[in-house]
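Undergrad: Dropping a structure here in structure tokens format, bear with me for questions.
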Amino acid sequence: MVNDVGLAEELAQDALVAALEQWPESGVPDNPGAWLMAVGKRRAIDRIRRQQRLAHKIEEIGRDLETQAPPEFDIPDDEHIEDDLLRLVFTACHPVLPTQARVALTLRMLGGLTTDEIAHAFLVSEPTVAQRIVRAKRTLSEAGVPFEVPEGPDRAARVSSVLEVIYLIFNEGYAASAGDAWVRADLCREALRLGRVLAELAPGEPEVHGLAALMEIQASRTRARTGPSGEPVPLLEQDRGRWDRLLIRRGFAALLRAKAIGEPPGPYVLQAAIAASHAQARTAEETDWAQIASLYEVLANVAPSPVVELNRAVAVGMAHGPDKGLELADALVDEPSLRGYHLLSSVRADLLERLGRLDEARTQFERAAELTRNAPERKVLLDRAASLHWRGPAQ
């Protein structure tokens, strides 16, 4: 391998371009991942030859490639990760990097996200993410980190970072941070694929199954999450008949596997349990909001964060009244990481509307619309703000 994360990224892009050029005519190979890896290896050899370095090493690599069996017939080894993309994820999540740098680099290299999209996912500035990525590539290159599968304790240490990467990829697909589409199904599918592979790789890790369960259940709503014009449809207004029951069953099965391991629930298992509560309700009115609020309270203790608190405010507002929910949401107004977070204004607007404070609600909907960079979401928020112009005070 090239032992240079920047060069590896270039070679991966070259391989994808080759696939776009050749597959329409020759057809998609039986093992696309192996085909891309083989092309990447050949491009790596070409690059080394052009630089006229390490001639002896080049000959060895060339002989190895000629004598190896075609990638399509490689026999998987249960002790190793045969998924090339997941192997690169683990490499980018090397302990030599800070956690935030691992996630940012992997999202950029393998998730296909732009620096701007990663910044939005992290609720930090774009220059900050750009610096993290540049430094991460330099660190991996200088440390000579090999592109290989970690084993034993080293692999276990990187699992939490890999889970975070996969979930951030899923979230960007589930609710795109910017652009003209509300859902990016390609990212959701890729995250689901990675989550399923990881669940097979680490069957004794409850959080791995928890993440798989969470993504399966959330992905089950995809068809119901957009209207005829691609506009976002809120959870409580969705046609639950359009939810994918197979994905829900898969999610429930993964959640049961996580619970069967017998360890205290972690953040992903708890979030999956919240998603399962929504999936169990045949109608929006049947949702057990008290149970969901309780789960969010546990989650806030296990993995405290401003975003978890905001979600808890929504659940508490549904379970115990909008005034209680608004009290929790208002406490987050001065939180630095949420200063430009449009969902804080959106949640407050919804709670204010339910309390009959329509002028304040309209202002918050308009602010949320200004902050979001997703066009369909902006239209929905502006429409809600406009609808409050003609409504009188609550009775």
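What follows draws every value from the coordinates through simple rules; no lab data is involved. Everything numeric in this text was worked out from a predicted model, so none of it was measured. Backbone-built Cβ (ideal geometry, glycine too); neighbour counts: all protein chains shown.
Undergrad: Sort ASP116, ASP334 so that the residue with the fewest other Cβ atoms within 10 Å of its own Cβ comes first and the one with the most comes last. Show your work: numbers first, answer last.
TA: Details: ASP116 15, ASP334 8.
Going from least to most buried by this count: ASP334, ASP116.
Undergrad: Still on this structure: Can you tell me how segment 221-361 classifies by the Cα gyration tensor, rounded, prolate or oblate, using a/c under 1.5 as the rounded cut?
TA: oblate
Undergrad: Under the classification rounded if a/c is under 1.5, otherwise prolate if a/b is larger than b/c and oblate if not, where does segment 305-395 fall, given a ≥ b ≥ c as square roots of the Cα gyration tensor eigenvalues? Could you put the intermediate results ahead of the total?
TA: Values: a/c = 2.02, a/b = 1.11, b/c = 1.83.
Here segment 305-395 falls in the oblate category.
Undergrad: Segment 302-341 to segment 195-224: how many Å between their Cα centroids?
TA: What the calculation gives is 26 Å, centre to centre.
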